[in-house]
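Asks: First the structure, which I've put down as structure tokens, then a few questions once you've had a look.
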Amino acid sequence: MSPRRAAAAAAGVRGAAGVRDEAVQVHERAARGRTVQREQGVQREQAVQEQAVQERAAPDGGGGRAAHRRDLLRRMLLVRRFEERCVELYSAGEVRGFVHLCIGEEAVPVGVLEALTSDDAVVSTYREHGHALARGIPAESVMAEMLGRVTGCSRGRGGSMHLFDASRRFYGGHAIVAGGLPVAAGLALADRMRGDERVTCCFFGDGAMAEGEFHETANLAALWGLPLVLACENNLYAMGTPLAREHAVTDLALRAASYGMAAWPVDGMDVLAVEKAARRAAGAVRAGGGPHFLELRTYRFRAHSMYDPDRYRERSEIERWKARDPLRVLGDRMRAEDGFGDEDLDALERDVAAELDRAVERARAAGEEPVEDLLRFVTGPPREGP
Amino acid sequence: MSSFTMVKALNEALRKELEADPKTLVMGEDVGRLGGVFRVTDGLHKDFGEDRVIDTPLAESGIVGTAIGLALRGYRPVVEIQFDGFVYPAFDQIVSQLAKMHARALGHVKLPVTVRIPYAGGIGAVEHHSESHEAYFAHTAGLKVVTPSNPVDAYWMLRQAVRCDDPVIFLEPKRRYWDKAELDPNAAGAPSRLHDARVAREGRDATLIAYGPMVKVCLDAAAAAEEDGRSLEVVDLRSLSPLDFDTVTASVQRTGRAVVVHEAPVFMGMGAELAARITERCFYALEAPVLRVGGYFAPYPPSRVEETFLPDLDRVLDAVDRSLAF
């Protein structure tokens with residue numbers, strides 16, 4: 001008998017049937033509890049939703065629809081142009097290491113994080129420039145990180161993949177696929193234990209759903225009803241492997257739903273759809289409805305990384321997706337519904353360009369962390385025990 | 001003063017720390033209602049409740065990752081890994097996240113996570129349940145790795161580990177779980193600091209360096225050697241990372257001979273690091289090369305050959321003979 005089985009046997013003194021009966025009861029109780037919790041959550045969430053929808057539908061003016069959309073567009077533009085600068089700086093040898101771009105996916109970070117408050121926590125991936133910027137980490141701080149400068153949010157140590165800003169509750173930047181998921185579960189558990197009405201949002205890609213850490217986290221989160229938004233960025237490729245060649249079941253929301261959590265697919269190229277879905281999910285989570293899963297269907301226009309020759313997909317496929325460029329999708333809608341014009345776009349472009357000029361200039365002017373400091377922060381100062 | 005087994009001492013240490021700080025949590029597989037396979041958490045669930053002594057699913061990576069998230073939010077989780085071999089599924093979280101996050105966050109976050117692991121062999125528990133994997137963890141910057149050899153150290157070191165703001169891998173030699181010693185759990189303070197080595201027995205002719213389960217083997221070997229007129233010193237390292245190398249150096253400078261003893265395979269083990277460092281620091285004092293006694297470079301064997309496989313008194317004394325004859 002294995003030690004685990006032996007331990008289980010040692011724990012149970014009643015007959016197997018008694019244990020089974022109790023197990024059934026426990027299961028039913030838990031399911032009832034979760035259902036009640038979820039229903040309450042859904043009711044509260046609907047109220048929050050309706051309020052949000054009313055606000056957004058308000059006629060143009062302070063806090064109105066057009067201004068909100070313009071703000072979303074500006075932020076997506078900032079992410080797009082920031083990454084284009086990174087490409088230039090990488091080609092010039094100023095940015096070193098790996099660089100993974102989210103160009104084409106901007107609606108996801110901007111739309112999802114629009115639905116969170118600054119008290120909510122964010123855990124991200126290695127394709128996280130967009131998440132960091134949408135979270136509100138200044139472009140200057142992220143750019144300094146890209147350039148390895150001491151003024152970067154991780155002092156220049158983290159680089160592209162390990163942006164970290166605890167003060168903004170941005171808990172990384174994780175280079176290990178699915179590595180951030182269990183950490184996010186812990187952040188969410190802490191909030192629940194403290195009684196905080198906070199949400200933790202964890203981003204990960206479709207590739208992460210083949211990893212064990214996703215499944216451990218999904219099970220823990222659903223079992224314990226954790227306040228967690230699982231934001232799956234399904235860009236159809238795990239690096240170079242297409243979805244159908246990495247997953248036996250490619251309906252990712254369906255798989256997440258098997259853990260007993262609400263899960264649905266979202267058009268990840270439409271920032272308004274993303275925002276709406278994220279508000280709905282975050283609202284329900286905040287109201288005690290347990291974890292929610294969003295499958296954000298998106299596409300990256302650039303290769304996996306700067307090293308990737310991108311041989312695994314047809315040019316025509318990329319072009320088809322570019323027709324649904326999230327900047328264009330929102331821009332077209334604003335033109336049609338909000339009287340948005342070329343001059344408005346030009347003004348946004350100029351504004352973003354000026355911000356990025358400033359970010360690059362200041363980052364370049366900053367120093368690097370002294371080499372001898374690399375041994376600092378490996379561990380903390382000693383704390384005397386008993 | 002009363003008599004404590006190592007299990008009871010560890011249990012008492014957890015109890016004291018749960019009482020001392022409401023942010024301290026215990027979590028792991030069957031640590032709650034069952035009280036753990038080895039009963040180290042016995043009774044804690046009843047007294048502190050299911051929110052502080054948390055039964056988890058069988059998901060080692062999920063458990064350690066969750067503990068990291070809790071620590072980022074100010075909690076002080078003590079994770080139990082049920083058996084040494086079960087830690088491997090959590091290796092990613094320990095090495096990629098737990099060990100590195102403090103540096104990644106420039107010290108803006110603390111990671112007071114203690115990972116308790118019953119480790120090493122000697123109880124007939126076969127492969128995956130008898131692993132000595134300390135070198136993996138000691139090799140990783142950002143982790144502290146400690147291992148007590150007796151109930152008194154187990155008690156104080158666990159309390160100190162829980163209070164430590166850095167991640168601590170706390171290795172419990174399970175073959176010593178039922179050893180007894182006199183302990184006053186209410187004494188004012190610990191006899192020594194968490195990362196100090198201890199001279200467990202004084203001697204003149206050679207130094208035996210050991211930790212965890214092998215300290216008792218070395219003390220027995222030293223007692224046997226005394227009957228042959230040889231005086232052996234035994235250093236109990238207690239902490240493998242950081243290493244208290246001053247205590248080791250002082251001993252070897254006096255005796256001129258050193259034998260490192262551990263259960264883990266000799267190849268690439270702690271003994272290699274110790275031998276290299278002793279050679280660098282004590283070169284002119286050495287009368288013989290530093291010798292190593294340890295496990296074979298093979299998976300852990302079936303229990304019927306365990307006694308042959310594990311380093312024992314004879315293998316230690318044979319190495320001492322070779323050192324003295326050099």
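Asks: Criterion first (within 14 Å of another protein chain (Cβ to nearest Cβ), assigned to a loop (DSSP other than H, G, I, E, B), hydrophobic (A, V, I, L, M, F, W, C) and surrounded by 23 or more Cβ atoms within 10 Å (Cβ to Cβ)) does A:LEU226 satisfy it?
Replies: Judged against the criteria, A:LEU226 is a match.
Asks: Let me ask something else about it. Tell me, please, whether a residue that is under 30 Å from A:TYR171 (Cβ atoms), more than 13 Å from chain A (Cβ to nearest Cβ) and in contact (Cβ under 8 Å) with a residue 24 or more places away in the chain can be found in the range B:144-155.
Replies: So far as the range B:144-155 goes, no, none of its residues is under 30 Å from A:TYR171 (Cβ atoms), more than 13 Å from chain A (Cβ to nearest Cβ) and in contact (Cβ under 8 Å) with a residue 24 or more places away in the chain.
Asks: Another question about this same structure. Does B:ALA298 satisfy the condition of being open to solvent by 30 Å² or more (accessible area, probe 1.4 Å) and either acidic (Asp, Glu) or closer than 29 Å to B:PRO167 by Cβ (or both)?
Replies: no
Asks: Would you check if A:ALA359 is in contact with an Asp or Glu (Cβ under 6 Å, 6 or more places away or on another chain), assigned to a helix (DSSP H, G or I), open to solvent by less than 60 Å² (accessible area, probe 1.4 Å) and more than 14 Å from every other protein chain (Cβ to nearest Cβ)?
Replies: yes
Asks: Another question about this same structure. Among the listed residues A:ALA139, A:ALA121, which satisfies the condition of being farther than 20 Å from A:LEU230 by Cα and either open to solvent by 40 Å² or more (accessible area, probe 1.4 Å) or modelled with pLDDT of 95 or more (or both)?
Replies: A:ALA139 is the lone residue from the list that is farther than 20 Å from A:LEU230 by Cα and either open to solvent by 40 Å² or more (accessible area, probe 1.4 Å) or modelled with pLDDT of 95 or more (or both).
Asks: Which ones in the range A:174-215 are of a type in the set (Asp, Glu), open to solvent by 40 Å² or more (accessible area, probe 1.4 Å) and at the interface with chain B (Cβ under 10 Å from one of its Cβ atoms)?
Replies: Of everything in the range A:174-215, those that are of a type in the set (Asp, Glu), open to solvent by 40 Å² or more (accessible area, probe 1.4 Å) and at the interface with chain B (Cβ under 10 Å from one of its Cβ atoms) turn out to be A:ASP196, A:GLU211.
Asks: Among strands (runs of 3 or more DSSP E) lying entirely in the range B:141-244, which contain 1 or more residues that are open to solvent by 10 Å² or more (accessible area, probe 1.4 Å)?
Replies: B:144-146, B:180-183, B:198-201, B:239-241
Asks: Right, here's the next one. Just checking, how many residues over the range A:201-245 are more than 21 Å from A:MET161 (Cβ to Cβ) and acidic (Asp, Glu)?
Replies: Residues that pass the stated criteria total 1.
Asks: May I pose another question? For the range A:255-272, state whether one or more residues are of a type in the set (Phe, Trp, Tyr), open to solvent by 20 Å² or more (accessible area, probe 1.4 Å) and farther than 29 Å from B:ALA90 by Cα.
Replies: Yes, the conditions are met somewhere in the range A:255-272.
Asks: I'm told B:ALA135 meets every condition in (1) under 21 Å from B:TYR75 (Cβ atoms); (2) outside any loop (DSSP other than H, G, I, E, B) except one. Can you identify the failing condition by its number?
Replies: The one condition B:ALA135 does not meet is (1).
Asks: When the residues of the range A:150-159 are narrowed to those that are touching a helix residue (DSSP H, G or I) at 6+ places or on another chain (Cβ under 6 Å) and touching a residue at least 40 places away in the same chain (Cβ under 8 Å), which ends up most open to solvent (accessible area, probe 1.4 Å)?
Replies: A:THR151
For every residue, the table says whether it meets (1) facing chain A (nearest Cβ under 9 Å); (2) without any contact (Cβ under 8 Å) to a residue 12 or more places away in the chain; (3) crowded, with 24+ Cβ neighbours inside 10 Å.
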position: B:GLY28; (1), (2), (3): no, no, yes
position: B:ARG39; (1), (2), (3): no, no, no
position: B:LYS46; (1), (2), (3): no, yes, no
position: B:GLY49; (1), (2), (3): no, yes, no
position: B:ASP55; (1), (2), (3): no, no, no
position: B:THR66; (1), (2), (3): yes, no, yes
position: B:ARG73; (1), (2), (3): yes, yes, no
position: B:VAL79; (1), (2), (3): no, no, yes
position: B:ASP84; (1), (2), (3): no, no, yes
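Asks: All but one of (1) of a type outside the set (Phe, Trp, Tyr); (2) in contact with a strand residue (DSSP E or B) (Cβ under 8 Å, 6 or more places away or on another chain); (3) open to solvent by 30 Å² or more (accessible area, probe 1.4 Å); (4) not in a helix (DSSP H, G or I) hold for A:LEU296; which doesn't?
Replies: Of the numbered conditions (1) of a type outside the set (Phe, Trp, Tyr); (2) in contact with a strand residue (DSSP E or B) (Cβ under 8 Å, 6 or more places away or on another chain); (3) open to solvent by 30 Å² or more (accessible area, probe 1.4 Å); (4) not in a helix (DSSP H, G or I), the odd one out for A:LEU296 is (3).
Asks: A:SER160 - would you say it is hydroxyl-bearing (Ser, Thr, Tyr) and more than 10 Å from every other protein chain (Cβ to nearest Cβ)?
Replies: The answer is yes for A:SER160.
Asks: Any residue in the range A:369-381 that's at the interface with chain B (Cβ under 10 Å from one of its Cβ atoms) and at pLDDT 90 or above: show its pairings with residues that are part of a helix (DSSP H, G or I) and open to solvent by less than 100 Å² (accessible area, probe 1.4 Å) at Cβ separation under 8 Å, as long as the two are six or more apart or on different chains.
Replies: A:PHE377/B:HIS102; A:PHE377/B:ALA103; A:VAL378/B:HIS102; A:VAL378/B:ALA103; A:THR379/B:HIS102; A:GLY380/B:HIS102
Asks: Can you report the number of residues in the range B:87-113 which are in a helix (DSSP H, G or I), within 9 Å of chain A (Cβ to nearest Cβ) and open to solvent by 10 Å² or more (accessible area, probe 1.4 Å)?
Replies: 6
The values are calculated or read from the model by the stated rules, or taken from the named source; none is laboratory data. Every value quoted in this text rests on a predicted model; they were computed, and no experiment measured them. As a convention, Cβ positions derive from the backbone with ideal geometry for all residues, glycine included, and neighbour counts pool all protein chains shown. Just so you know, the surface numbers come from the protein's heavy atoms only, side chains and all, with ligands and any DNA or RNA stripped out. Shrake-Rupley method; radii C 1.70, N 1.55, O 1.52, S 1.80 Å.
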